[in-house]
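To start, the structure itself, in structure tokens.
The values are calculated or read from the model by the stated rules, or taken from the named source; none is laboratory data. Given the structure is predicted, the values throughout are model-derived calculations rather than measurements. Here the Cβ positions follow ideal geometry from the backbone for every residue, glycine too, while neighbour counts run over all protein chains shown. Note: areas computed on protein heavy atoms with side chains; ligands, DNA, RNA excluded. Shrake-Rupley method; radii C 1.70, N 1.55, O 1.52, S 1.80 Å.
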Amino acid sequence: GYNKDEVLNMPGVKHVFKTSRNVYGRKREGVAVLAETYWQANNARNALRINWDTHGLEKVSSASLREDYLAESEKPGDVLFSKGSPEFQPQWQTLEALYETPYQAHVPMEPMNAIVHIEKDRAAFWGSTQNPNGIRSFIADRHGISPANIEINYTYMGGGFGRRSMTDVVEEAADLSSQAGVPVKVIWTREDDLTQGPFRACSLNLLRGGLDNNGNVQFFSHKVVAQQIRNQTGDNMTAGRQLMGGITTDYTVPNLIVTGVLQKRHIPISYWRAVYHSTNPFAHECFVDEMAHAVGKDPLDFRLNMLDHPRFRRVLEKVRTASDWDTRANGTGKGVAIAERSGAYFAMVIEVRRKGGKTVPAKVVTAVDVGTCINPDTVKAQIEGSVVMGLGAAYYGLTIQDGGIKETNFHEYPLLRIDQTPEIETHIIESFDPPDGAGEAGLPTVAPALANAIFDLTGERIRKLPLEGKYIG
């Protein structure tokens, strides 16, 4: 229930409607206030007293989810990739580790908004979107309007990062316009967007390595426990290959297996910059580092010795020389990581140093092979943006409390500030391969390269994100 009549009497208020939409197979309900201005609508919305049914959610927290994921990790999982034998041999040196990443929000600077006008046989949309075809299809299917009579008007986009591939704010505006019979502009507050999602999925990663007496990796297994964007509801509990995004299978390990254990939660998830490439490489590339140190080998050489792939080798060799990898100044450490995203091959070295009692990144050196590079300035800009976003995701994360998101705005979920941002140096490899994606390629290596650099300097192995305050400059 809610105090509809009281709110209707507030200045400028025209309607108070119940609205609902489908969120990955689950019905989500809410109350919307329509007024002449946003200020009036927001004041009236704040006056709403709604009785929500949240039975059972008070038991759900970050800690309870972690316990659930740990229990689920005991399952063998569905095989997503395999080569060689999945059987572990007792004569191998065994190394095991558990890595964890949190939920993340997109928080584009422009809050989610849309203007929609639903008429009897026509409709129009105004706004910024990454999914115009999805908007047209939704309005056509839900409101019975011919796609030819649905007008899509683009505006410039104040950030997306996957968030604007969702049509949720458009669905609300269309429903309210249909009820009110007029064009409706919906604006989500920052608190709406940060607490309601959808989010990047949290994950648990279990890794196991087997090394022979010569320090060569003979066995490598990576198990991912996470929600899957394309399979969030229903009875199908088979993990799909989407869950293994970002896991490098080009390493010449004779026995390599990737498995997935699918989770389904009431917390909605969606595409976040680099998707599963933003979580899996943190575990995968840090564990490669762990194996290298376990046998006393240089982490960069260790990778090169396991790679025949010419494009991976080129970017690794480039960051080696560009970062002066083999030299360490006093009070500094360096970490390396590689990844492939959208056809682009990427290597990164991060140098960290001590500053005011904390360990912070001082310089990021990147090398990327995007195939034939059309616009180098754009590639560099995208990589710089990816590095900044990747560092922010390493520093900060979302917390589940009473079944919802605890953080409400930037005072609790900060963005990376300019004085926290290190020097970023980008090297684009000359290539005659077909051009491929650069918009996300720089993000997957940030967290593992940073964590590996922290280990190089401090001897402390980071296996859980977000980082503690002593690593936030």
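Observations on the model:
- The three principal axes of the Cα atoms in the chain give end-to-end lengths of 77, 48, 47 Å, sorted in falling order.
- For Asp301 and Lys59, the FRET efficiency from 1/(1 + (r/R0)^6), where r spans their Cβ atoms and R0 equals 41 Å, is about 0.25.
- Rounded to 5, percent antiparallel among DSSP beta bridges of region 321-473: 80 percent
- The fraction of Cα-Cα pairs per 10 angstrom bin, counted from 0 for region 330-473, comes to 12, 39, 30, 16, 2, 0 percent, rounded to whole percents.
- Among the listed pairs Lys27/Lys75; Lys264/Lys464; Lys380/Lys406, those whose Cα-Cα separation exceeds 26 Å are Lys27/Lys75; Lys380/Lys406.
- Span per principal axis, largest first, for the Cα atoms of region 26-85 (Å): 67, 27, 19
- Distance cut-off 11 Å, percentage of C-alpha pairs in region 346-389 lying past it: 72 percent
- Sequence-separation-based contact order of the chain, relative, with Cα cut under 8 Å and 6+ spacing, percent: 16 percent
- Rounded if a/c under 1.5, otherwise prolate or oblate - region 62-178, Cα gyration tensor axes: prolate
- Between Asp419 and Thr94, the simple spin-label model (points 7 angstrom out along Cα→Cβ) gives 4.9 nm.
- Inter-label distance for Asn42 and Arg241, nm, one decimal - labels placed 7 Å from Cα along Cα-to-Cβ: 4.6 nm
- Accessible area per residue, Å², region 96-174 with all protein chains present, probe 1.4 Å: 43 Å²
- Gyration tensor (alpha-carbon) shape descriptor, region 155-213, a/c threshold 1.5: prolate
- The overall shape of region 128-192 is oblate: from the C-alpha gyration tensor, with semi-axes ordered a ≥ b ≥ c, the ratio a/c is 1.5 or greater and a/b is no larger than b/c.
- Residue list for region 185-219, given a label point 7 angstrom along the Cα-to-Cβ vector of Lys264 and an amide N cut-off under 18 Å: 201-202
- Dimensions (Å) - region 395-473, Cα atoms, principal axes, largest first: 53, 32, 25
- Pairs of alpha carbons in region 1-102 separated by more than 15 Å make up 78% of all such pairs.
- Residues in region 246-301 average 21 Å² of solvent-accessible surface per residue, probe 1.4 Å, ligands and nucleic acids excluded.
- With N the number of residues in region 167-262, Rg(Cα) / (2.2 N^0.38 Å) evaluates to 1.74.
- Diffusion constant of region 383-427 at 4 °C, which comes from Stokes-Einstein with the Kirkwood Cα-pair radius and 1.567 mPa s, µm²/s: 107 µm²/s
- Extension gain for Glu151 to Lys358 (0.36 nm times residue separation, less C-alpha to C-alpha distance): 69.2 nm.
- Radius of gyration and maximum dimension Dmax of region 48-113, Cα, Å: 20.5, 66
- By accessible area, using a 1.4 Å probe on protein heavy atoms only, the chain has 48% of its surface on carbon and sulfur.
- Where only alpha carbons of region 278-319 are counted, the Rg and the Dmax (Å): 10.8, 28
- Couplings 3J(HN,Hα) for region 404-417, derived from phi with the Karplus relation 6.51 cos²θ - 1.76 cosθ + 1.60 (θ = phi - 60°), are x, 7, 6, 6, 10, 7, 5, 5, 10, 10, x, 9, 5, 9 Hz, where x marks Gly and Pro.
- Using a Förster distance of 45 Å, the FRET efficiency for Ala140-Thr327 (Cβ separation, nearest 0.05): 0.15
- Average accessible surface for region 323-473: 41 Å² per residue, computed with a 1.4 Å probe over protein heavy atoms with every protein chain in place.
- Sorted peptide list for 50-62, 113-125, 438-450, criterion being average Cβ within 10 angstrom, highest first: 438-450, 113-125, 50-62
- With q set to 0.16, 0.19 Å⁻¹, the log10 of I(q)/I(0) for region 209-368, from the Debye formula over equal scatterers at the Cα positions, is -0.99, -1.22.
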